Amino acid sequence: MSKWSMVIDLDKCVACQACSIACRFENNTPAVAPDQAEMGRAMRWNDVFPMPINSMEGSGEYPNVKTQYMTRPCMHCENPPCIKVCPVGATFINEEGLVEQNYARCIGCRFCTVGCPYGVRYFNWFEPQWEAPLAEHLNPDKVEGKGVLEGPAVRPRGVVEKCTYCIHRLKKAHAQAEAEGRDFRADEYVPACVQTCTGKARFFGDLEDPNSAVSQLEKNTRSFRLLEDVGTHPKTIYLREG
Amino acid sequence: MRPATSYHPQNKNEAVILAPVRRVTFEERWLWAILLGLMGLGAYAYLTQWNSGLGVTGLNRPVYWGIYITNFVFFIGLAHSGTFISAILRLAGAGWRKPLTRAAEAITLFSLPFGVGSILIDMGRPDRVLNIMFYGRFQSPLLWDITAVSLYLFSSIVFFYLSLLPDIALCRDRLTEAPAWQQKMYKILALGWMGRPEQFERLERVLDGMAIFMTLLVVTVHTVVSWVFGMTVEPGWHTALIGPFFLVGAIFSGTAAVVIVLAILRRVYHMENVLPVSLFNSLRKLLIVFTVAWLYMMIAEFLTASYGGLADEMPVIWQKFTGDFAGLFWTMALAVFVFPILIFVFLGKDHIGWMVTACVLINIGMWIERFVVIVPTETRPRLVSTLMEGMGNYTPSWVEIAITVSLFAGLTLLYVVFTRFFPIVPIWETAEETAETELPPVEPRRKVFGTRQSL
Amino acid sequence: MLAIDAKDKEKIVMPLFRTSRAFIALVSALGTLALIGVAAYARQLYLGLGVTNMDRPVYWSTYMVNFIFFIGISHAGTLISAILRVTGAEWRRPITRVAEAITVFALMIGTLQIIIDMGRPDRLAFTILNGRLQSPIIWDIVSVTVYFLSSITYLYLPLMPDAAILRDNCPPDAPAWQVKMYTLLALGWRGNRAQWVRLEKGIAFLAVFIIPVAISVHSIISWILATTVQPGWHSTIFGPYFVIGAIFSGIGALFLAMTGIRKALGLEGYIGLRQYRNLGLLFLTMNALWFYFTYAENLGIAAGQQPEEFVVLAAKLWGEFAPTFWLMILMMVAAFWILVVPKLLPASVERVEVFQPRVAFASVGAAVILFALVSLSPRTPALAALSTANSLTLAWAAIIALLIFAALGVTFWLKAHPVASATIAGGIVLVGMWLERWNIILPTVTHPRLIPYAAYFPSLTEGLVTLGSLALFVMMFVVFFKFFPAVSIWEVAEGRVIEAAQSKNIMPAPEPSKTGLLRPRKFKL
């Protein structure tokens, strides 16, 4: 089976945040009110944030600023610390390596949220709201089933959500291939952020396929993963600048 | 021949307790000879090491600490037996412990020097041992260790001697047939003890105070020993639980050692009336609690560490569960927990033989446990590149094994010689007046340690 | 028809049939607070958890602290009833029912806190229908449920003979429903030998069973935190650490409850100095052990100095959590001092005139003023003189000296008022242990590895819900003891019989010893 992974080349990333916006509109992530955002409740499945180059030293002072910008989706770890702790199986890993989040099952205990060392998970503090014109243009895609509600589906209040590597696009591609009676092709499935990236810094593919871009880039000398010492084996891979 | 003006409490078992002191048998001299022989072998092994260097051991890179350090931790752990019985149980008011106190404290007293000795043996430059005093840095956990253990040794000697004092006076007065030098020894050591009521009261008060001090000390000592490991950053060692973990293990293995020693004394010196089965039953209940407490510590340690799954920690954990040390680890689990708990719960009541079996298993298992805490961490360092072909293995050499055996032989020898010169059961503490009846809770202010009878 | 000692009847049974005005006032006040809490929760339920001040990354805060705190208090019952019963400590008899009641109600309120914290409380059933045994929360649900059921049983079993006593000894004007309640609860208890044997066996079995269950409960709660990889939480010591802390806070709660019940119902003859003294010894032991565990935990982090861990510790030692951390340490030291000093102070020492509570309060006040000046000094130009290194050192030295003076000053008062000092120590410990839970949860969630720091302060909702939960807890406790005897009548009576039998074994005391040690000896000089 496939093992989906994303490679982000930090040399090419210009921190334009197109990925974050594309993700927001693809996945119906609401913007929160300014006072909520000040509290730190903004929801960005793909987050673009500054990080000091040397974590022990800090960002420095202008003009000797030592910071870089990271763009961060969910890591879709192979040893996810979030899944270990979910009491009801609302988050789980499927055979294709995606860490899924089922809004219909989640009881809102936020154990997964405090357990994630990368901070990729977000919680619906209130009922999500959109301003008038946006509310009419939500993405209708969703992954729905008996007791299952995933992907861009409008979340109820009190559940946890996170980047899904656009699982709805995966399901649609599978369904399309099946309807046309042919095999599924990996290049038919690409998350919104990868599709949008202005600097062509993001790559997506199947690590099980040795010829895919991600497999090739994984072997690059510049490749690294975030927080490797924590033992999570993240599948989102970065290429170092320089 | 001393005039009978000094007082000793009446004890109907006095004859039985003093019997070993009165004569040394032929078999015993053979035992001493064998033990001395083993110690000689150990001395020869150490001489080899002194001449050639620590290369004669099996130590290597990255396993720089091996069975010498295991012995160190084990012997210090063994030393906790005495303090637990004499001090902690004294504070808890467990009167049944009285016949055991001296036997247990003797274990403490005689194993501490071998613990300290193990460290000296392990040093690369033992001739520079005084540098610790001249250039000692209190930032180092080793220095806390040395301070704590020295204080413990000193206090144990004082505590032991004080509780021995009335019995030395008894020996001085009763053992009229002993050789002149032995009588002189008793006379000097008795410090003029006459058995007056105020002397006894003063003694009891000092022992009460020391009991509190020793309890605090025992908690500190083994915690500080564990912090030699805990204050590093090595996976498997740098764990906050290591303090309580070692402490519970020490009291556990110490109490098990007390059971073994008591059973041997009981059999060899025919002390069935002095050390009745009820003592073993009380110890059995304590050991059940300790066994379960040890299991709890292991669960706390391994459940937390393995659930976290940190990349540095997991290789060490796998080494213990399924790797090179799996055999030792699971043997330890069987020897320390599975068999003992089954024996204690189902077979141990009133059956000294089974108790001793379980306790022997516990002590062997606890030695392995120390080994399994120390060595696997060293075999899986973070930078895996240090582990090249053939590295990360450890096999003790004959030198280490000989020295280890000689340490145990030394402990046994000191103990056996002691029992031939001093009564191993405190005659004055097990005397009749304070023995049988349980004092009622009269006026609470006047409650005294050691009045409750059985557990 | 079960007989009862007349004094017991007057002191323990009769109050159950009288409703005083104070009782009604108390219940009304508590009920109002609880209702306010319910209203705040209803609003939260309607609007969402956003009404709290939780944010990213502070996903767990006040409610979790309350949860761990209340479950911690519930260990009071187990310790007193079960462990002391198993070790044969007779002095436990008057306080077992108070302790067991604390357990049951604390467990209920603790579980309530978790449900309040859930984002989707309507999906609580999923934890059973779709529960995954891999999750520490599921272990927690299982262990707390088992503990709760065992505790209720353990409260009920010794209550049965008492209910029978009440059934048989009601005053003639007792309301019919109350008599019926006791009859039902007594389950036809006749007090014959066969029934007593069965009851004793049941209680003994439960006592031994409930000890490992209680230990597992708080260990598992700690492992909810420790099985994550978050710095400050992923520590192996959490299991025993939380258990010790729980027993510690449980004894504190027990002190408060004991004194309250004793005062309100006039039970000085039953809950006496012996209980306070022995519980005080246990309290001191737990206090010492708590310090040991806290020290072991933090020393390791300080020595290892791994970057992510150390940041959390630094926040507690001198960062934004320093006030709560050092306040907690101060409280634990104060509680230790309050209980240990009376034991160390010999009775014959003459009271020093200057050591009076008034003077002690004055010096504490002075210390507080100095502290305020010291903390404000960099900001106010008028106090700039105070911010030089020398004067700061002097000021701190003065603060510490004043506090020590105050501590010494209250020693005589503490010795003269053992019950009050135990109660004060208990109250201090409860605040301190709540702060301890705070200091464990908040610094870690506010200092994650990758997320920029966030601040947190409880919101009005969380405050009202916390207050309401406390009020509910006290209310349940008070109402329970309105209808059930505060002291276990039969256990106390049994204790009297045992003591009488033992006293027949007294050895005649010989000549009185000068130092007051009771050690009869037959001296033959």
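The table that follows gives values for the structure above.
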{"item": "Per-residue average of Cβ from other chains inside 10 Å of A:71-83", "result": "1"}
{"item": "Table column - 3J(HN,Hα) (Hz), the range B:217-228, Karplus curve with 6.51, -1.76, 1.60, x for Gly and Pro", "result": "5, 5, 5, 5, 4, 6, 5, 5, 4, 5, 6, 4"}
{"item": "Trypsin sites (Lys or Arg not before Pro) restricted to the range A:74-155 and DSSP loop, no more than 15 other C-beta within 10 Å", "result": "A:K146"}
{"item": "Mean separation of Cα contacts under 8 Å, 6 or more apart, over the residue count of chain C: relative contact order %", "result": "28"}
{"item": "Zero-based 10 Å bins, Cα pair distances in the protein assembly as shown, whole percents", "result": "2, 8, 15, 19, 19, 17, 11, 6, 3, 1, 0, 0"}
{"item": "Top positive-direction residue, dipole computed over the protein assembly as shown with Cβ charges, set C:L199, B:I317, B:T404", "result": "C:L199"}
{"item": "Straight-distance crosslink candidates among lysines, where the alpha carbon sits under 21 Å from C:K263 and sequence neighbours closer than 8 are dropped", "result": "C:K7, C:K9, C:K11, C:K415, C:K482"}
{"item": "Peptide-level mean, for C:299-310, of C-beta atoms on other protein chains within 10 Å", "result": "4"}
{"item": "Peptides C:326-333, B:243-250 ordered by average Cβ neighbours within 10 Å, highest first", "result": "B:243-250, C:326-333"}
{"item": "Interchain or long-range residues, amide H under 5 Å from A:M70's placed H", "result": "A:F49, A:M51"}
{"item": "10 Å Cβ neighbours from other chains, averaged over peptide C:51-63", "result": "5"}
{"item": "Distance cut-off 20 Å, percentage of C-alpha pairs in the range C:105-202 lying past it", "result": "57"}
{"item": "For the range C:317-359, alpha-carbon Rg over 2.2 N^0.38 Å", "result": "1.67"}
{"item": "Antiparallel bridges, percent of DSSP beta bridges restricted to chain A (to nearest 5)", "result": "85"}
{"item": "Debye intensity ratio in log₁₀ form over the Cα atoms of chain A, taken at each q of 0.12, 0.14, 0.15 Å⁻¹", "result": "-0.70, -0.98, -1.13"}
{"item": "Segments C:485-492, C:464-471, C:188-195 sorted - mean Cβ within 10 Å per residue, highest first", "result": "C:485-492, C:464-471, C:188-195"}
{"item": "Principal axis dimensions, largest first and in whole angstrom, of chain C by Cα", "result": "77, 75, 48"}
{"item": "Lys, Arg +1 and Asp, Glu -1 on Cβ, resulting dipole of the protein assembly as shown about Cα centre, debye, nearest 20", "result": "3520"}
{"item": "Relative contact order computed over the range A:1-125 (Cα-Cα under 8 Å; 6+ residues apart), in percent", "result": "22"}
{"item": "Global form of the range B:61-198, assessed from the alpha-carbon gyration tensor, a/c cut-off 1.5", "result": "prolate"}
{"item": "Listed peptides B:221-232, B:400-411 by packing density, highest first (mean Cβ within 10 Å)", "result": "B:221-232, B:400-411"}
{"item": "Relative contact order, percent, the range C:201-268 [alpha-carbon distance under 8 Å, six or more residues apart]", "result": "23"}
{"item": "Principal axis dimensions, largest first and in whole angstrom, of the range C:1-98 by Cα", "result": "61, 40, 21"}
{"item": "Karplus (6.51, -1.76, 1.60) ³J(HN,Hα), θ = phi - 60°, over the range C:157-174, in Hz, Gly and Pro reported as x", "result": "4, x, 7, 4, x, 5, 4, 5, 4, 5, 4, 8, 10, 5, x, x, 8, 5"}
{"item": "Sequence-distant residues sharing a close amide H with A:S223 (under 5 Å, placed H)", "result": "A:R240"}
{"item": "Lysine pair number, Cα distance threshold 22 Å (strictly under), chain A, separation 8 or more or different chains", "result": "27"}
{"item": "Mean residue ellipticity (222 nm) of chain B, computed from DSSP H runs ≥ 4 via -39,500 (n - 2.57), nearest 500", "result": "-21500 deg cm²/dmol"}
{"item": "Unit charges on C-beta of K, R, D, E only; dipole of chain B, Debye", "result": "820"}
{"item": "Chain B - Debye-derived log10 I(q)/I(0), Cα point model, q = 0.08, 0.09 Å⁻¹", "result": "-0.50, -0.63"}
{"item": "5 angstrom amide H check on A:F204, placed H, neighbours 5+ away", "result": "A:V7"}
{"item": "Over the range C:230-374, equivalent-ellipsoid semi-axes from the Cα gyration tensor in Å", "result": "33, 23, 14"}
{"item": "All Cα pairs of the range B:14-131, percent lying beyond 20 Å", "result": "62"}
{"item": "Whole-Å distance, taken between Cα centres, linking the range B:113-180 and the range B:231-304", "result": "23"}
{"item": "Farthest toward positive dipole pole in the range A:4-239 [+1 Lys/Arg, -1 Asp/Glu at C-beta], among A:L226, A:C19, A:L170", "result": "A:L226"}
{"item": "Computed [θ] at 222 nm, deg cm²/dmol, chain C (DSSP H ≥ 4; -39,500 (n - 2.57); rounded to nearest 500)", "result": "-23000 deg cm²/dmol"}
{"item": "Most positive-pole-ward Cα, C:Y41, C:G304, C:Y147, against dipole of chain C from beta carbon charges", "result": "C:Y147"}
{"item": "Residue-wise HN-Hα coupling along the range B:367-376, computed from phi with Karplus coefficients 6.51, -1.76, 1.60 (Hz; x: Gly, Pro)", "result": "4, 4, 4, 4, 4, 6, 7, 7, 7, x"}
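A short reminder: the numbers here are calculations on the coordinates, not readings from a lab. The structure presented is a predicted model; accordingly, all values stated were derived computationally and were not measured. When we count neighbours, we look across all protein chains shown, and the Cβ atoms used for this are built from the backbone with ideal geometry, even at glycine.
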